[in-house]
Amino acid sequence: MTPITPDLQQNILVTIYLLFSHNYIAFAYFAGLCLSIALSIWRPSRFTTFCFLGFGILLFSYEYDKHIINAFREQTMKSLITIQPHYRLQHYLNLIITELLPVLFYILGWSCLFLAIFYAARKIGKKK
């Protein structure tokens, strides 16, 4: 085997660093999702179900903001507005797809996590 040259080693480290720094939020949501899946399998409960839903929605929300939103907006515009321009419809679609849905996903994801915490605290309170 040939050794890796120093410049390639540095480029690999920089790539790993940039990958992590660009996606650290997604990695955190994914870790929470994996942990909640494991807990759901080991001990199913409302807590683990809401954690699973919350982290799944937050991960989807993050990816929606970064990658899905532009293609989804363009696809929706092309399928609904074909021949004649409809500026009001275009404005409302832009508002819903780019402004409303990201906020809704974010709020829904964190709401599920807060519900999980609420159910866990309630369950602990009943034990006392």
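The values are calculated or read from the model by the stated rules, or taken from the named source; none is laboratory data. Keep in mind the model is a prediction, meaning the values are calculated, not measured. Neighbour counts run over all protein chains shown; Cβ positions are idealised from the backbone, glycine included.
Quick look at the numbers
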item	result
Unique match (being closer than 27 Å to residue 24 by Cα and surrounded by fewer than 16 Cβ atoms within 10 Å (Cβ to Cβ)) among 107, 81	107
Pairs with Cβ under 7 Å, 6+ apart, first in the range 54-80 and closer than 18 Å to residue 95 by Cα and modelled with pLDDT of 90 or more, second hydroxyl-bearing (Ser, Thr, Tyr) and loosely packed, with under 15 Cβ neighbours inside 10 Å	69/98; 73/98
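Residues checked against (1) of a type outside the set (Asp, Glu); (2) part of a helix (DSSP H, G or I); (3) within 30 Å of residue 52 (Cα to Cα):
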{"site": "67", "(1), (2), (3)": "yes, yes, yes"}
{"site": "83", "(1), (2), (3)": "yes, no, no"}
{"site": "91", "(1), (2), (3)": "yes, yes, no"}
{"site": "98", "(1), (2), (3)": "yes, yes, yes"}
{"site": "102", "(1), (2), (3)": "yes, yes, yes"}
